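The values are calculated or read from the model by the stated rules, or taken from the named source; none is laboratory data. On a predicted model such as this, the values are computed, not experimentally measured, just so you know. Note that each Cβ is placed from the backbone with ideal geometry, even for glycine, and that neighbours are counted across all protein chains shown. All accessible areas refer to the heavy atoms of the entire protein, side chains included, with ligands and DNA or RNA removed. Shrake-Rupley method; radii C 1.70, N 1.55, O 1.52, S 1.80 Å.
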There are 2 protein chains.
Amino acid sequence: MSNLNERKKHILRAVTDDYIDTAEPVGSRTIARRYKLGISSATIRNEMADLEESGYLYQPHTSAGRIPSDKGYRYYVDVLVDPGIPTQDETKKINQLFSHQKEAMEKLVRRSTKLLAELTDYISVAVIPEHQNSTFRHLQLVSLDPYNVLAILVVDPGIVENKIFVTEKPFLPGELERISAHLNKKLRGLKVEDLSRTILAEIRDSSPMTRDLLEALLELIDESLADTDDEMLICDGVIHILDQPEFQDIDKTKLVLSMIENRQSLANILLDFSSSSGVQVSIGEENLRPELKEMSLVTATYYRGGHSVGTIGVLGPTRMSYGRVIRLVEEISFVLSEVLESF
Amino acid sequence: MSNLNERKKHILRAVTDDYIDTAEPVGSRTIARRYKLGISSATIRNEMADLEESGYLYQPHTSAGRIPSDKGYRYYVDVLVDPGIPTQDETKKINQLFSHQKEAMEKLVRRSTKLLAELTDYISVAVIPEHQNSTFRHLQLVSLDPYNVLAILVVDPGIVENKIFVTEKPFLPGELERISAHLNKKLRGLKVEDLSRTILAEIRDSSPMTRDLLEALLELIDESLADTDDEMLICDGVIHILDQPEFQDIDKTKLVLSMIENRQSLANILLDFSSSSGVQVSIGEENLRPELKEMSLVTATYYRGGHSVGTIGVLGPTRMSYGRVIRLVEEISFVLSEVLESF
DNA sequence: TTTAGCACTCACTTCGACTGAGTGCTAACA
DNA sequence: TGTTAGCACTCAGTCGAAGTGAGTGCTAAA
């Protein structure tokens, strides 16, 4: 597989770099002129014919230049590309982002995603942690008026859910505080997924007075577990896709955009990568979903306490600036993990 | 202005309806065939020439059918269109939306916006209330670990902000609760905009131990006030714009999408309407921003306690299905206001 | 093994002819 | 006097032929 001689490597790299830049099929003369490889266009032509033979390049039509195939991009990513180190500007922006006062995890990931989109000029996506692995931290009941209660549920890595209840009977002042305190004692440290059962037990022992409320809480927890399904995908920089010449075709674009609007499916795609470590690159046809067959996805998992809690990444055309993207996804997921560690 | 005879009104309505349907210039024969006005195409031709003369219609080129001008749409909206009453399906969906357990305001508006986009097939936008008019309800400090404190700020119509602090010195157990309780007593019912000053005064009277924390809280409040600037625009159904034939041109589309991505400017546009009551329609050139010159915006304000708290609306091409959109914006803003009232 | 030269390919552009939906005008009709 | 039928005219859009140029593969010479 890696049996390309140095000259072929140089040429494949040149073709790929050029195509990433220009989005135009790259001809032998262009390579000879633009990249000082010390060989003539005719030689390059021969080498390119070989590279096509072995599937790294292809021609969109007989008399056109070459374009890297998915296999070509794969080789480029695995062997040829050097992500390099973040530029000064990149480092500065990343540090700025994380030097802010700490925020609850959701906002933090949201901002990371925004920055990633801004730095790469592609679409940036992230899934925030599922509640599965998180533990109960705190529950607060706030009386809005005698019949309305705001419940705030805080789970482990700074995720906050809230919901308003209407109660049948008004609560006495101080009563909510008592209930909160009681529940907090009972629930502290439990896995979120175990909460329902404990509260159910609680319901059996409770006065009819608080039963309503507990049932409502049960619903909050169920919903907040389910809710993540809805909310856990974060997405930014969708605009950038319109700047890519491969998406001048509005129908192609619509396909991708509707996939993004259907958050759940994209979330699942990202979750497929959440078990692998390091930066993952999935190129074109390597993607299982047909909507992604002409796109590439660069992802990395971020961690907290040694466990992966979510995935962040970049979605763009297969003609993607892999070096830059890989470098940035790597850097941001790394820093994100570091910041989360300190929670 | 309203000096159109009945026949001209019928014709203008027919042309507008048809153009809204088909997005193709409407010819006199089409009108004669499709709408039973009891007159021949030649007569219609004469009337259309008159309507063009007075600026209600125009021809994209000499030998094409007519298209309503902005003035034509304006007349259509003001005089001709009948919003009708919501269909069964619409009513059902709206009731379903609001029959859910109550939620904090932000989620409520988010879901309304989603529904509006779904029902109209256009882009739907909303601004959620600024904090200016809202009052302090509750502040909760939760210790995540000895050095990290999660602060949750609840203000009046169910808006919840949260933030994590790192403190210089660890807090003793129970200390945070004491501070929360103290602040809650002091701050209850204050306008959020007055909070900063009050808290500042508070700092002077407090023990040096809590100074860190108070300063951090001050920052939370400042930020949550500022944060609304960033977050207060909600947007849904952007995809739909790609289904409109007028936005097959990718550059036009890009213009609109980048305006939407620049939330602040769109928020400002909506805020311009927030002082007027009832449904507002702003058509094409009537919009001040050049990006909106080919679009129409239908908005309504929603209320709580007699005060306007936000604006919700629909953004689409000037060739918009005004009747349906006006009806739905009206209905949803009305129901939204009702629900908020009960908070 | 590399390079220069040449014939060939094929997407893209340009241009003219053609088509058809739609108009304005005029004359006839009720 | 208002309405309609008929006709000449306009013009965007489509189709196809010709021309252009970037790029290739092959061959022969260095």
Residues from the stretch A:230-249 losing no less than 20 square angstrom of accessible surface in the full protein assembly compared with the chain alone, 1.4 angstrom probe, ligands and nucleic acids excluded, are A:I239, A:L242, A:D243, A:Q248
Which FRET efficiency value, to the nearest 0.05, do you get for B:Q248 and A:R33 by plugging their Cβ-Cβ distance into 1/(1 + (r/R0)^6) with R0 = 41 Å?
0.65
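B:S40 to B:D78: FRET efficiency via 1/(1 + (r/R0)^6), r the Cβ-Cβ distance, R0 22 Å, to the nearest 0.05? Could you put the intermediate results ahead of the total?
Working: r = 29 Å, r/R0 = 1.32.
It comes out at approximately 0.15.
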With Cα coordinates, the longest principal axis of chain A makes an angle with the long axis of helix A:105-120, in degrees rounded to 10, of 20
List every residue whose amide H lies under 5 Å from the amide H of A:V309, counting only residues 5 or more places away in sequence or on a different chain, with H placed 1.01 Å from N in the peptide plane.
A:Y302, A:Y303, A:R304
Kindly tabulate the residues in the stretch A:300-343 with an accessible-area decrease of at least 20 Å² between the chain alone and the assembly of all protein chains, using a probe of 1.4 Å.
A:F343
Sorted by chain and number, the residues with a modelled amide H under 5 Å from that of A:S134, at a separation of 5 or more or across chains, are A:V192
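For chain A, what's the relative contact order in percent, using C-alpha pairs closer than 8 Å and at least 6 residues apart? Working shown, then result.
Numbers: 516 pairs, mean separation 64.2, N = 343.
It rounds to 19 percent for chain A.
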Can you compute the FRET efficiency between B:K293 and B:E52 using 1/(1 + (r/R0)^6), with r the Cβ-Cβ distance and R0 = 25 Å? Round to the nearest 0.05.
0.75
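Which of the three applies to the protein assembly as shown, rounded, prolate or oblate, going by the alpha-carbon gyration tensor with a ≥ b ≥ c and a/c under 1.5 meaning rounded? The partial results should precede the final answer.
Working: a/c = 2.24, a/b = 1.10, b/c = 2.04.
It is oblate, given that a/c is not under 1.5 and a/b is not larger than b/c.
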With Cα coordinates, the longest principal axis of chain A makes an angle with the long axis of helix A:175-187, in degrees rounded to 10, of 60
Amide H partners (placed H, <5 Å) of A:R66, local residues excluded:
A:V26, A:G27
Taking a straight Cα-to-Cα line shorter than 16 Å from B:K36, and setting aside same-chain lysines fewer than 8 residues away, one finds B:K8, B:K9
Of A:K71/A:K254; A:K114/B:K254; A:K186/B:K114; A:K186/B:K93; A:K107/A:K252; A:K163/B:K163, which ones are farther than 29 Å apart at the Cα?
A:K186/B:K114; A:K186/B:K93; A:K107/A:K252
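What whole-number value in cubic angstrom gives the convex hull volume per residue for the C-alpha atoms of the stretch B:6-80? Each step should come with its number before you reach the end.
Values: hull volume 6.0 nm³, N = 75.
It comes to 81 Å³ per residue, whole-number rounded.
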Round to the nearest 10 and give me the degree value, 0 to 90, for the angle of helix A:263-272's Cα axis relative to the longest principal axis of chain A.
70
What ratio of Cα Rg to 2.2 N^0.38 Å holds for chain A?
1.29
With label points built 7 Å along Cα→Cβ from the Cα atoms of B:D21 and A:I239, find their separation and express it in nm.
3.8
Would you mind getting the accessible area per residue of the stretch A:6-80, heavy atoms of the protein chains only, 1.4 Å probe, in Å²?
50
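Where in the stretch B:1-105 are there trypsin sites (Lys or Arg not before Pro) that are in a DSSP coil and have at most 13 other Cβ atoms within 10 angstrom of their Cβ?
Numbers: sites: B:R7, B:K8, B:K9, B:R13, B:R29, B:R33, B:R34, B:K36, B:R45, B:R66, B:K71, B:R74, B:K92, B:K93, B:K102; in loops: B:K36, B:K102.
Answer by residue number: B:K36.
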Other copies of A:H182: label-to-label distances in nm, shortest first, labels 7 Å along the beta-carbon direction
3.0
For A:K191 and A:H307, extending 7 Å from Cα along the Cα-Cβ vector and measuring point to point gives, in nm, a value of 0.8
Pairwise label distance in nanometres, A:T87 with A:E286, each label 7 Å out on the Cα-Cβ vector
2.6
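Ignoring ligands, DNA and RNA and using a 1.4 Å probe, state the total buried accessible area between A and B in Å², rounded to the nearest 100. Don't skip to the answer; put the middle values down first.
Numbers: alone 16990 and 17050 Å², together 30300 Å².
Using a 1.4 Å probe, the pair buries roughly 3700 Å².
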